[in-house]
1. With the condition kept exactly as written, say whether any residue in the stretch 55-68 is surrounded by 14 or more Cβ atoms within 10 Å (Cβ to Cβ), among the small types (G, A, S) and at pLDDT below 90.
2. Look through the stretch 18-56, keep the residues that are over 10 Å from the mean Cα position of the chain (by Cα) and small (G, A, S), and return whichever of them is farthest from F3 (Cα to Cα).
3. If I go through the stretch 1-30 residue by residue, how many of them are loosely packed, with under 12 Cβ neighbours inside 10 Å, over 18 Å from D45 (Cα atoms) and either aliphatic (A, V, I, L, M) or modelled with pLDDT under 85 (or both)?
4. Give the residues of the stretch 31-54 that are loosely packed, with under 11 Cβ neighbours inside 10 Å and small (G, A, S), sorted by residue number.
Amino acid sequence: MGFSDAIRMMNILDKELVTFKSLPIKECREIVFSHGGHLFACQNDKEIWVYKFYTASITQQFKFIAHN
């Protein structure tokens, strides 16, 4: 889920949403998953980050700053 201060990865447990990971990306406008679901991209203004879904990790080649 995208919030104004961060992206939170959540589990649904017995009619509750429980946060298990928080990513410090402010004002995310769009989140898109890859076809296999193993990667997801987050975008705000002119920055794009591509994360590995299962570990929520990112490498340097997956950061696109000042992207048009």
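1. Yes, the stretch 55-68 contains a residue that is surrounded by 14 or more Cβ atoms within 10 Å (Cβ to Cβ), among the small types (G, A, S) and at pLDDT below 90.
2. Ranking the candidates gives G36 first.
3. Total meeting the criteria: 4.
4. The answer is G36, G37.
The values are calculated or read from the model by the stated rules, or taken from the named source; none is laboratory data. The model shown is predicted, which means the values in this text are computed figures rather than measured ones. Note that we place each Cβ from the backbone using ideal geometry, even for glycine, and neighbour counts take in every protein chain shown.
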